[in-house]
Amino acid sequence: MIPFLDLKDINAQYSQQLKDACGRVIDSGWYIMGNELKQFESEFAQYCGVKHAIGVANGLDALILVLRAWKELKLLADGDEVIVPANTYIASVLAITANNLVPVLVEPDAGTFNLTLATVEAAITAKTRVILPVHLYGQLAPMPELMALAKRHGLLVLEDSAQSHGAAIEGQKAGSFADAAAFSFYPGKNFGALGDAGAVTTNDDQLADCVKALRNYGSHQKYLNLYTGVNSRLDEIQAAMLRVKLQYLPDETKIRQSVATQYLAKMRNNAVILPQVVVPEGHVWHLFVVRCLQRERLQQHLADAGVQTLIHYPVAPHQQPAYQGQFQYSLPITELLHQQVLSLPIGPTLTQDQIDQVIAAINSFSG
Ligand SMILES: *Cc1c(COP(=O)(O)O)cnc(C)c1O
């Protein structure tokens with residue numbers, strides 16, 4: 001069976017370096033908010049092309065803490081509206097409701113799976129304060145256009161970059177377009193720790209200071225608390241793991257891109273709709289998601305051919321029991337996508353034989 005994603009294989013490539021880094025932290029005797037975190041924050045900020053990266057415990061906290069900081073800085077208040085794509089992973093929506101803000105779910109483009117300028121613009125009301133685009137599956141949302149729109153309407157923009165480390169338009173990377181961005185380093189992401197981790201990126205000094213305080217009990221200075229903060233710090237061990245893996249992220253991204261290029265060029269099946277790419281170098285292929293009217297049959301056919309697949313995501317956030325009764329509008333494109341999407345293996349350790357096998361399995365499906 002070709003596994004959907006083989007984390008053991010991926011990390012085995014760097015096993016000695018990861019163990020050395022781990023040993024360095026153990027021997028240092030300093031496990032929280034130390035040199036590894038400081039170095040990682042500076043290296044990741046440089047990688048993204050931003051002034052500040054602030055390590056936090058996970059991607060959801062990164063999203064929550066940016067919105068929370070904007071509330072502390074009086075840029076947002078309870079009940080303000082945040083525009084977010086309806087087909088995102090639920091974390092983007094949870095971060096909004098956790099802050100007593102109102103998610104306004106908008107339909108994505110069915111070809112790119114991302115927000116469009118037109119649907120965002122149509123959703124802007126007098127209460128809108130934030131646009132929260134998600135670079136879903138590794139492809140950048142139309143950021144230059146969205147930033148211009150936000151500027152015209154005086155809105156803040158928060159990029160959910162959890163799936164798009166390194167995605168770029170003309171050299172400008174995910175996490176550097178908006179007022180702030182949230183990253184996840186969950187092990188299965190393109191850039192993954194060996195446990196939970198996340199980061200906020202921004203060029204805004206005030207916001208950076210506020211998030212730094214919020215992640216550490218609302219405190220900049222020991223025993224002085226400016227805010228009722230939380231404990232959401234990125235451990236030294238995980239920072240050390242991430243520093244090792246950051247060196248290999250550009251190469252792993254190139255491998256994902258070359259697998260996707262082969263899939264796009266060689267998959268030929270009228271029953272399988274391939275993903276639309278807007279800017280080829282702007283896609284880092286966290287997931288390779290196809291659409292099929294008979295998705296369950298396609299998934300079975302691939303399993304029979306030895307190809308493991310997953311569904312991202314089977315249920316839309318507005319249809320989750322957690323949000324029952326809260327979204328009284330219909331989202332037909334989003335609901336259709338959730339019935340049709342299927343994610344194929346695209347990890348950085350796939351062999352050419354495996355790639356060929358996935359392509360052959362898609363091409364032999366009789367729709
Ligand atoms: C993974 C993910 C998150 C949350 O990240 P965690 O580190 O798992 O909390 C948020 N948004 C999107 C789009 C994600 O894919």
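The values are calculated or read from the model by the stated rules, or taken from the named source; none is laboratory data. Please read all numbers here as calculations on a predicted model, not as lab measurements. Neighbour counts run over all protein chains shown; Cβ positions are idealised from the backbone, glycine included. Accessible surface is based on the protein model in full, side chains and every heavy atom, while ligands, DNA and RNA are left aside. Shrake-Rupley method; radii C 1.70, N 1.55, O 1.52, S 1.80 Å.
Could you estimate the translational diffusion coefficient of the range 265-365 from the Stokes-Einstein equation, with Rh from the Kirkwood formula over C-alpha pairs, at 4 °C and 1.567 mPa s, in whole µm²/s?
The estimated diffusion coefficient comes to 86 µm²/s.
Once you have the alpha carbon radius of gyration of the chain, what is it after dividing by 2.2 N^0.38 Å, with N set to its residue count?
Relative to the 2.2 N^0.38 Å estimate, the chain comes out at 0.99.
Using the beta-carbon distance between Ser28 and Asn231 and R0 = 22 Å, what value does 1/(1 + (r/R0)^6) give for FRET efficiency, to the nearest 0.05?
According to the calculation, E is roughly 0.55.
Ignoring the sites themselves, what is the longest stretch of the chain with no chymotrypsin sites (Phe, Trp or Tyr not before Pro) in a DSSP loop and at most 12 other beta-carbon atoms within 10 Å?
In short, 32-222.
As a test of the formula, what do you get for the chain when each DSSP H run with n ≥ 4 contributes -39,500 (n - 2.57) and the sum is divided by the residue count, at 222 nm and rounded to the nearest 500 deg cm²/dmol?
-12000 deg cm²/dmol
When the accessible area of the chain is computed with all protein chains present and a 1.4 Å probe, what percentage of it is carbon and sulfur?
52
Could you compute the longest span of the chain free of trypsin sites (Lys or Arg not before Pro) located in DSSP loops and having at most 10 other Cβ atoms within 10 Å, not counting the site residues?
75-221
Got a sec to turn the phi values of the range 202-218 into Karplus ³J(HN,Hα) couplings, 6.51 cos²θ - 1.76 cosθ + 1.60 with θ = phi - 60°, whole Hz, x for Gly and Pro?
With the stated coefficients, the range 202-218 comes to 6, 9, 8, 4, 5, 5, 4, 4, 5, 5, 4, 6, 4, 5, 10, 6, x Hz.
What Kirkwood hydrodynamic radius, in Å, does the range 30-87 give when the mean of 1/r is taken over all pairs of distinct Cα atoms and then inverted?
This gives a value of 13.7 Å.
Antiparallel as a % of all DSSP beta bridges within the range 64-186, to the nearest 5?
In the range 64-186, DSSP labels about 10 percent of beta bridges as antiparallel.
When you have a sec, figure out the Kirkwood radius of the range 125-243 from all distinct Cα pair distances and drop it here in Å to one decimal?
Its Kirkwood hydrodynamic radius stands at 15.6 Å.
For the residue pair Ser219 and Asn203, what label-to-label distance in nm results when each label sits 7 Å from Cα along the Cα-to-beta-carbon direction?
With each label placed 7 Å out from Cα toward Cβ, I get 3.4 nm.
When DSSP assigns beta bridges and you keep just the ones with both residues in the chain, what percent turn out antiparallel, to the nearest 5?
If we restrict to bridges inside the chain, about 60 percent are antiparallel.
Measuring with a 1.4 Å probe in the full set of protein chains, what accessible area per residue, in whole Å², belongs to the range 4-72?
The answer is 49 Å² per residue.
Any idea how far the Cα center of the range 203-256 sits from the one of the range 274-313, in Å?
The two parts, judged by their Cα centres, are 32 Å apart.
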